[in-house]
Amino acid sequence: MPLTKQIPFLIAVIILLFPSFCLFSQHTTQSDIDALKDSLALKSGKERVEFLGDIGFKYRTINTDSAWYYVQTAYEEAVATGDKDLQGRISMSLGILKTEAGDYEDAIDSYKLAMHLVDSANGSPTLSFVYHNMANAFERMGVIDTAIYYSLKALRRYEIANDSQRMASVRLNIASQYRAIKEYELSKKVNMEALEMYRSLGDVFFQAAIENNLALLNNDQEEYEKAMLHAKESLKLWQSVGQKLVIAYSYTNLGIAQKGLGQLNEAEASLKNALLLQQKRGDRYEVIFLKMHLADVLNRKKSYAEAANLGQEAYQGAVEDDLLTFQQKTALTLSRIYENQYNFKEALIYLQKSTLAQDSLFMTEKAKEVLKLKEQYETEQKENEILRQKNALANSELELKKRNNYLTIGASFTMILLLGGAFFYRTQKLKTARMEKESVLKIALSEAKAQENLKEQRIRIARDLHDNIGSQLTYITSITDTTRKGIEKGEVFLVEKLTQMKQFTLVTISELRDTIWAMNKDEISVQDIKERVHQLAATIHDATDDKIKVSVTGTGSNGVLNAFVGMNLYRIIQEAVNNAVKHADTAQVEVEINDLAGQLTVIIRDLGKGFDTKKQSTGNGLYIMRNRAEKAGLTLTVTSTEAVGTEVKLMLDFEYNELQKQI
């Protein structure tokens, strides 16, 4: 399957909104900038700040260093003016430059500052632009639910202002966000709506942007011929309005389509063109993405050394920028490259890194759940509004009847009793109807909660099977293929490969038994975990011919954990013990499990060589333990001293465990 099919989001062209004084900066030529520079010497005060900001934005697609210089100068002078709204507008401009440079968290800080300054000033239209650009930053970070939230806020404000230009622009972003949650048909529909709006506005720049987005969507769906047509059209349109750097996005989608069609030489040329332009733009996100795709193309062309170098650069960049999607895909590509080079050790390492990154990638389901919750919330709000209106109407009727009763009280005491009885009857009837409605809602909420709990359990089980068994089976498959290819190498080679297969098979069986053990239980007692640790100790004794002994001690406990917490606790103990056996160079590992005053404490201690925690990388094992501990509500601490040993400590309050059971 092509790599693009699996990427949750790729920025084709992010349409970054900016203050009104630089609305058309996308269609920039050097002569436009020179004209502004000539006028700058005649300006002062706020007008000078606006001209500086405008020049900076016009430089965005021509020279990023100049763009930074002018916008930062504009911000310093805006602060000096004391005009909060102007400061907010320039702060937003800085946020846009940071977004394009890949500094998303800093960009969001700039947008939040702009939001505060504009809000506290005069509520200018800039607030709509802030919402729009903040949505773009969150989308690049992969936080799609928040991106959709701010996009919808921006769209509502544009609709109120009847701003066609920006309504079309925010629709582009919403289309991109629909794509991120794989709602491809919705994304195409919104893109086409925006395209019609831009054609009526005569805006060629954004027509090109939409053609590029359509190329991206067709690449996602493996319709590569269509993707090439749209990519070439976007390239032609952008070149017609003098764009020099933004055409990198057209080359990107063109190269991906060519790769999908097997045109590897053409794909390499297109992707290298895109990479050169994105490096000039300083867009780290796109540079990492392009290196990842180039590595895949070169691997297919059997240029393994160059492919490995580019793959390593892409992976390192993804780690530095905390881009989990790219870490997962690049690690998988590197695993394939090393497998083709018969470097099975590195292939396994990067396969494990890919599996680890996959653990955190639930973006699609998360965004869909957000949309579902949004619909449920709006429905509930409407129902509550109807109930409030009914209650208000009933209260009004009751007040009217009261006034009529006061007017007729002297006429007949009997009439008063009748009216009072009618009032009481109506009140009881409304109360009964309201209670019935509340009862129905409670039942519905209870059923929804039960379904949600079931879904969460399924996800937990699927994740455990994927993490602990999927990677083992994948590597067994790899060893099988290698054995088949190298059967002519002789008996020693075959014995070695069969031994590896046996070891990995035994590990897989053990992992599967542990998972089934947890699946068959709604709750796991502390005593259950102790017994499993004793079994683990016996396994290690056998595997090492009693060279390494694992002792299990501690106080007795009647404590009971839910299955999720209990399974994660055991997995962390298992990982810590295995790490000690593999790396500590020790003959003794101690596991101490104590239940004191409502708090469960587990200590895994070895008397091995230890390590310097300030110098040595914590590695994947410790990352996995911390990730499991965080999700299960466990407190994890690791201390180590060279030549003394290492201690891993886990703590759990049973009060938290009770909350987990209720959830």
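Please treat every number below as a calculation from the coordinates, not as lab data. Keep in mind it's a predicted model, so treat the numbers as computed, not measured. So basically every Cβ, Gly included, is an ideal-geometry build from the backbone, and we count neighbours across all protein chains shown.
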In this structure, among LYS189/LYS272; LYS530/LYS582; LYS112/LYS329; LYS232/LYS329; LYS182/LYS345, pairs with alpha-carbon gaps over 29 Å are LYS189/LYS272; LYS112/LYS329; LYS182/LYS345
Long-range share for the stretch 25-148, i.e. C-alpha pairs more than 27 Å apart as a percent of all pairs, stands at 17
Once ASP38 and ARG403 are pulled to full extension, the length gained, defined as 0.36 nm per residue separation minus their Cα-Cα distance, is 123.6 nm
Length gained if ASN162 through LYS232 is fully extended, taking 0.36 nm per residue and subtracting the Cα-Cα distance, is 21.9 nm
Each label sits 7 Å from Cα toward the beta-carbon; between LYS609 and ILE443 the label points are separated, in nm, by 6.7
Most packed first (mean Cβ within 10 Å per residue), the peptides 636-646, 522-532, 248-258, 210-220 order as 248-258, 210-220, 522-532, 636-646
To the nearest 0.05, the calculated FRET efficiency linking SER31 and THR639 through their beta-carbon distance, R0 being 56 Å, is 0.30
Residue span SER200 to HIS583: 0.36 nm per residue of separation minus Cα-Cα distance leaves a gain in nm of 131.2 nm
Label model pair LEU186, ASP322: point-to-point distance (7 angstrom along the Cα→beta-carbon line) in nm is 2.8
1/(1 + (r/R0)^6) with r = Cβ-Cβ of ILE416 and TYR149, R0 = 56 Å, i.e. FRET efficiency to nearest 0.05, evaluates to 0.50
In nm, the gap between the two label points placed 7 Å beyond Cα toward Cβ at SER525 and GLU488 is 6.1
The stretch 241-297, Kirkwood Rh and Cα Rg, ratio Rg/Rh at 0.97
Using the Kirkwood radius over Cα pairs of the stretch 576-650, the Stokes-Einstein translational diffusion coefficient at 25 °C and 0.890 mPa s, in µm²/s and rounded to a whole number, is 190
Over 25 Å (Cα to Cα) among LYS37/LYS244; LYS280/LYS302; LYS259/LYS489; LYS98/LYS291; LYS43/LYS98 -> LYS280/LYS302; LYS259/LYS489; LYS43/LYS98
Restricting to aspartates and glutamates and to Cα separations under 18 Å from LYS649, and discarding same-chain partners fewer than 8 apart, the set is GLU575, GLU590, GLU592, ASP595, ASP606, ASP612, GLU630
The stretch 73-194: relative contact order from alpha carbon pairs under 8 Å, six or more residues apart, as a whole percent, is 16
Lys and Arg at +1, Asp and Glu at -1: neighbours of ILE62 with Cβ under 14 Å from its Cβ sum to +1
